[in-house]
Amino acid sequence: MNTLKNKLDKQTILSDRFIRQSMNKTASNISRRYYFIMAVCLLMIPYSYWAFVMLNSFSIPFWIFTCITMLVSFGGTFYNSRKLSDSNLMTNNLVDVQRRMASAKKFDANWLLIGIPLAVVFLGWFMYESYLLHPNAFFNGLFWAGCIGGVIGAIWGFSLHIKTQRQYQEILDQIEDITAEN
């Protein structure tokens, strides 16, 4: 019986270790995605000046709003990424990890309440600036580029959001499985 009990204890320890490694890998994927988004936000500031002001003669207030939008997006993403940045996150107490993951998931879900209105205002202002450049040609190339870019951006953004929410839920489910066993 002792031998059987020792084997079962070793299996539980190995199973726990593999589950924690899986959770760590999932959290690392989310972190990498956040770092990519933060880099894009920062790179968009000088690029948007070149693309909107220099190339297309959009107004400076539109560029400033674009910069503010990118900085707000960077700040929100940075804030949420800090919840995943602890290198010992998955070796900590699972109750603490669960609390941090649930908080990060909730913030990510609530971020749509900020992101969607900012995107709508940005696209509306973009269409207005495009119209000011070509008032008689409603169906100009810049207008359609904005429409296509907006649709592609919305699809990409929602798919990333859904994937991130699913990954957070995977981590929370794995923690729930481990704590239910104990």
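The values are calculated or read from the model by the stated rules, or taken from the named source; none is laboratory data. Keep in mind it's a predicted model, so treat the numbers as computed, not measured. Here the Cβ positions follow ideal geometry from the backbone for every residue, glycine too, while neighbour counts run over all protein chains shown. Just the protein is used for accessible areas: all its heavy atoms, side chains included, with ligands, DNA and RNA removed. Shrake-Rupley method; radii C 1.70, N 1.55, O 1.52, S 1.80 Å.
A few notes on this one:
- Enumeration of residues in the range 129-158 that are open to solvent by 60 Å² or more (accessible area, probe 1.4 Å) and modelled with pLDDT of 90 or more: Ile148, Val151, Ile152, Ile155, Trp156, Phe158
- Selection count where residues are out of contact with any helix residue (DSSP H, G or I) (no Cβ under 7 Å at 6 or more places or on another chain) and crowded, with 16+ Cβ neighbours inside 10 Å, scope the range 85-97: 0
- Test: residue in the range 51-65 that is modelled with pLDDT of 85 or more and either of a type in the set (D, E, K, R) or touching a Lys or Arg at 6+ places or on another chain (Cβ under 9 Å) (or both): no
- Candidates Arg82, Arg100, Arg166, filtered to the one that is touching a helix residue (DSSP H, G or I) at 6+ places or on another chain (Cβ under 8 Å) and either farther than 26 Å from Ser48 by Cα or at pLDDT 90 or above (or both): Arg100
- Neighbours by Cβ (under 7 Å, 6+ apart or cross-chain): first from the range 144-162, in a helix (DSSP H, G or I); second open to solvent by less than 50 Å² (accessible area, probe 1.4 Å): Gly146/Phe126; Gly146/Met127; Gly146/Ser130; Leu160/Arg33
- Subset of the range 159-172 (residues that are surrounded by 13 or more Cβ atoms within 10 Å (Cβ to Cβ) and of a type in the set (A, V, I, L, M)): Leu160, Ile171, Leu172
- Unmet requirement for Gly124, which otherwise passes all of (1) at pLDDT 90 or above; (2) among the small types (Gly, Ala, Ser); (3) open to solvent by 70 Å² or more (accessible area, probe 1.4 Å): (3)
- Candidates Phe52, Phe58, filtered to the one that is open to solvent by less than 70 Å² (accessible area, probe 1.4 Å), outside any helix (DSSP H, G or I) and touching an Asp or Glu at 6+ places or on another chain (Cβ under 9 Å): Phe58
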